[in-house]
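Colleague: Have a look at this one.
The values are calculated or read from the model by the stated rules, or taken from the named source; none is laboratory data. Quantities reported herein were computed from a predicted structural model and do not represent experimental measurements. Heads up, the Cβs are rebuilt from the backbone with ideal geometry, glycines too, and the neighbour counts pull from every protein chain shown.
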Amino acid sequence: MRLSRRRLVAFALATPAIAGAEAAFPWRPISWLIPSPPGGVLDIGARLLSQKMSEVLGQPVVVETRPGAGGVIAAEACLRAPADGHTMFFGNFATFAIVPLLLPRIPYDAERDFRPVQGIGASFNVLVCGAGQPYGTLPELIAHARANPEKVTFAAGTGSGQHAAALLFAQASGTRLTHVPYANFSQMLNDVATGRVDLVFEYPLSALPQVRDGKLRALAVNSPARLTVVPDVPTLGELGVTGAELYGWSGIYVPAAVPDGAVAQLAAAAVAALGIPEVRRLFDASGTVPWAEMDAVRMRTQLAAEIPRMRRLLGGIVAAP
């Protein structure tokens, strides 16, 4: 097809502008889609990181909470956006490696459709119960749960890291627990404190205020070693429950077709944000280890290993009636 002279001139004039726009990334505000409700640990951490990233990038990084379906809603929204680097997804091991075991018809492939940008952190949970429960220690809880199979309940968002932590704990401790799904994390903690639900594996940052107020009782942490934020709380391993250690990792992801230059700039901004003292303090309080060294290559390797690992660990459990 032959182009008219007018169209050739118009294309020639437009090409430098397009190239300049690509070179000047970002040229508009960046949306960061978070798969959790407002006020949760992920939301708080992302908003703090986004402030520093905005300074580095010269454009606002706007956090948008899109909770639901174990992160699938936020992930789909990211993939529907233009693949120009202006929409990011707060991806994590639960959304990419656990939720597919629970919801097999997910409309995307994490490894094929997403591109890792930069790791954010690895976090652990503290197991808490209401202060009014008849058990005051982990061994007492396990004895109670074994004597009352399926009657002890745990709260967790479906497909979340807390969900996986509870399933692994039940498997390792020889107990049969019943899942009570939650979408509202603050309501989840309140219901555990009042005894409507028995247990929850929660981020220390969220649980500790009610532990200090005497409303919740901390029984154990699911980390290999004690957490500095709760040094008096023993690990599951110390109390004889082995094989239930679990860390949840998270990172920034974009659609697979986002250009290299945009990914590099987003990664540099994220690394800069992870280095500021305020972020470090928040991560320490939430039992999270910053992952500044976890670049895109390592993130891809991490996800490739995590998917079969979760399938081995949880496949039989989540498929069981």
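Colleague: Look at Val241 and say whether it is β-branched (Val, Ile, Thr) and in a loop (DSSP other than H, G, I, E, B).
Modeller: Yes, satisfied.
Colleague: Any residue in segment 93-106 that is of a type outside the set (A, V, I, L, M, F, W, C) and surrounded by 21 or more Cβ atoms within 10 Å (Cβ to Cβ)?
Modeller: yes
Colleague: Just to confirm my filter: which strands (runs of 3 or more DSSP E) fall fully inside segment 142-237 and include at least 2 residues that are closer than 22 Å to Pro37 by Cα and aliphatic (A, V, I, L, M)?
Modeller: Strands (runs of 3 or more DSSP E) meeting the threshold: 153-156, 199-202.
Colleague: I need the full set of residues from segment 41-99 which are in a loop (DSSP other than H, G, I, E, B) and at pLDDT below 95, in order please.
Modeller: Selection gives Arg66, Pro67, Gly68.
Colleague: Of these, Gly214, Gly261, which one is more than 23 Å from the chain's Cα centre (by Cα) and closer than 30 Å to Leu57 by Cα?
Modeller: Gly261
Colleague: Pairs please, first residue from segment 197-211 and among the aromatic types (Phe, Trp, Tyr), second anywhere and crowded, with 24+ Cβ neighbours inside 10 Å and part of a strand (DSSP E or B), Cβ atoms under 6 Å, 6+ apart in sequence or on different chains.
Modeller: Note: pairs meeting the criteria are Phe201/Leu127.
Colleague: Hey, another quick one. Of the residues Asp109, Asp113, which single one is touching a Pro at 6+ places or on another chain (Cβ under 8 Å) and more than 27 Å from Leu199 (Cβ to Cβ)?
Modeller: Asp113
Colleague: Would you call Leu8 in contact with a Cys (Cβ under 6 Å, 6 or more places away or on another chain) and either at pLDDT 85 or above or over 16 Å from Leu282 (Cβ atoms) (or both)?
Modeller: For Leu8, the condition - in contact with a Cys (Cβ under 6 Å, 6 or more places away or on another chain) and either at pLDDT 85 or above or over 16 Å from Leu282 (Cβ atoms) (or both) - is not met.
Colleague: While we're here: Working carefully through the options Leu189, Leu141, Leu167, find the one that is crowded, with 18+ Cβ neighbours inside 10 Å and under 18 Å from Leu205 (Cα atoms).
Modeller: Residue meeting the stated conditions: Leu189.
Colleague: Within segment 156-184, count every residue that is among the aliphatic types (A, V, I, L, M) and touching a helix residue (DSSP H, G or I) at 6+ places or on another chain (Cβ under 9 Å).
Modeller: Residues meeting the conditions: 7.
Colleague: Now a separate question. Consider Gln187 carefully, then state whether it is under 23 Å from Ile307 (Cβ atoms) and modelled with pLDDT under 95.
Modeller: Against the criterion (under 23 Å from Ile307 (Cβ atoms) and modelled with pLDDT under 95), Gln187 does not qualify.
Colleague: So, one more: In segment 30-58, which residue that is touching a strand residue (DSSP E or B) at 6+ places or on another chain (Cβ under 6 Å) and closer than 16 Å to Val258 by Cβ is surrounded by the fewest Cβ atoms within 10 Å (Cβ to Cβ)?
Modeller: Within segment 30-58, the match that is surrounded by the fewest Cβ atoms within 10 Å (Cβ to Cβ) is Ser31.
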